[in-house]
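Reading through the structure tokens given below for one structure.
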Amino acid sequence: MSDRETSETASAVPQTLSRQLAAAGQTHVLASWDRLDAAGRARLLGQLSLIDWRQFSELQRLAAQTTAVLPPTIELTRAVTPPCLRLGAAENSIPPAVARARGEQALSTGAVGAILVAGGQGTRLGCTGPKGLYRVGPVSQASLFELLFGKLRAVRRRFGRDVPLAIMTSSATDAETRDFLREHPCLGLSPECVHVFRQHDLPAIDAASGRLLLDAPDHVAMAPDGHGGMLTALAETGGLDWFGRHGVEQIVSFQVDNPLAMPLDREFLGYHLLTAAEFSTQVVRKREPAERVGVVVENDGRHIVVEYSDLPGPLAAERLPDGRLRFHAGSIAVHAFTKSFLDRAAATADSLPLHLAHKSVAFLDDAGRLVTPRQPNAIKFERFIFDLMPLAARVCVVEIEPEQGFAPLKNPAGSASDAPEHVRAALVNHARRLLAQAGVSVAEGIDVELDAAGILDETDIHRVLSSGSRIEKPLVVGCDRQSPS
């Protein structure tokens, strides 16, 4: 675009934004301005106005490095897996029963709130809209939202107090999520105890030129700023103050794609509180080097999470004398924080570093044609909430068994792992285990499911099914008395 064309085009753009684009060398995003209708111009201006142009030069500088934020390898060679408490283990320094009692106390006084990370779409699963709407209940066909919200309803029923829930959406899921919650009034939660907030987007940058990419004449290629975006977005929307007004002192966070997640587990909360941790996290035992989970490591008294893609192969494969992987504490994105810690972190600029990912991003070429590259051509940016871990004065790591609380839904049907059929099987197996503990048998090959809103443990099962019962047909075991056959 010539200087004259740029001047004439930009004359219809707010002067401040025009100057920002020129200073950043990004006036090419206005190349189609004269051909856009009013709605298209409004969409483009709306996007451009949300970009932090003061931050943009830093994004360009980072993109030019094409290197993600990594823990230095030399430090990893000295790092270890931190000591972990194990859920239900009698050998823990804190007895499980003591931890459960402390967690129950926190829930019964309303001191615990929750953040659900729900910005993802169901595209990889072959559906449109928020991933939270994906139906995965093996018998009920309940959605991820229904299963996870049900856990909070079950806690409220047991302890008589709401768990205030903040739901983080993205630009891609916000409108549909809000519509869904209006049409199905907060899925049974108290509306005053639900706060919906949207994370920010960050622009994708061409790796070769440092320029913004357009994927449509009126649209800049953008991406959500990662689960770490919850901190800034929650603070900016008044969410931290909202939690405070509800009397919340501890906040748990969990992801929408894990229907087995148990962030409100009483024992986990008890360990978090009794160790006086500012940041607690759940992990599962990583058994093979190739498993795609990050690991919690400790180095010089500081805890960090290293993404699986950032852990050098030889270190990932190294084993201890007892056969365990040296780095075996697999992070599953279930955390607990003191609210005061999040308040402090939110008040600190750039408390979470940017991570870079080299990705293939569709873009318009100079002739206005949409190009879908086969090789990575752009840099995307995101923040990770676990990067707060080194800032915490004390960290508590709690190991759980995967069948207790980890069944991520990430891949389409037919994939080797993390697919809908695997998640449904995990939900059925979880139900079978709890039913067996309650003395209820299930016929071979029969699918069963626990009503998330009604069943916390065997005590709730005994309320609806007597010990010695046998289930002979598919059943959702819930609160109301029901016949197993």
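Remarks
- Of the helices (runs of 4 or more DSSP H) lying entirely inside the stretch 35-128, those carrying at least 2 residues that are among the charged types (D, E, K, R) are 38-50, 53-65, 96-108.
- Subset of the stretch 196-254 that is of a type in the set (Gly, Ala, Ser) and closer than 29 Å to residue 35 by Cβ - its residue that is surrounded by the most Cβ atoms within 10 Å (Cβ to Cβ): 204
- The lone exception for residue 292 - which of (1) modelled with pLDDT under 95; (2) surrounded by fewer than 19 Cβ atoms within 10 Å (Cβ to Cβ); (3) under 30 Å from residue 450 (Cβ atoms); (4) touching a strand residue (DSSP E or B) at 6+ places or on another chain (Cβ under 8 Å) it fails: (4)
- The residue that is farthest from residue 94 (Cα to Cα), among those in the stretch 295-320 that are in contact with a helix residue (DSSP H, G or I) (Cβ under 9 Å, 6 or more places away or on another chain) and surrounded by fewer than 17 Cβ atoms within 10 Å (Cβ to Cβ), is 312.
- Qualifying residue in the stretch 224-244 (condition: at pLDDT below 95 and either of a type in the set (Phe, Trp, Tyr) or part of a strand (DSSP E or B) (or both)): yes
- Residue count for the stretch 439-458, restricted to those that are at pLDDT below 95 and among the hydroxyl-bearing types (Ser, Thr, Tyr): 0.
- Applying the criterion of being more than 26 Å from the chain's Cα centre (by Cα) and not charged (D, E, K, R) to the residues of the stretch 314-342, the residue that is nearest to residue 385 (Cα to Cα) is 315.
- Highlighted here are the strands (runs of 3 or more DSSP E) found entirely within the stretch 357-469 that include at least 2 residues which are in the same structural domain as residue 213 (by TED's automatic domain parsing): 378-382, 395-399.
- When we screen 340, 351 for residues that are at pLDDT 95 or above, over 29 Å from residue 123 (Cα atoms) and touching an Asp or Glu at 6+ places or on another chain (Cβ under 9 Å), the only hit is 340.
The values are calculated or read from the model by the stated rules, or taken from the named source; none is laboratory data. In this text the structure is predicted, and so the values were computed from the model without any measurement. Virtual Cβ from ideal backbone geometry, glycine too; neighbours counted across all protein chains shown.
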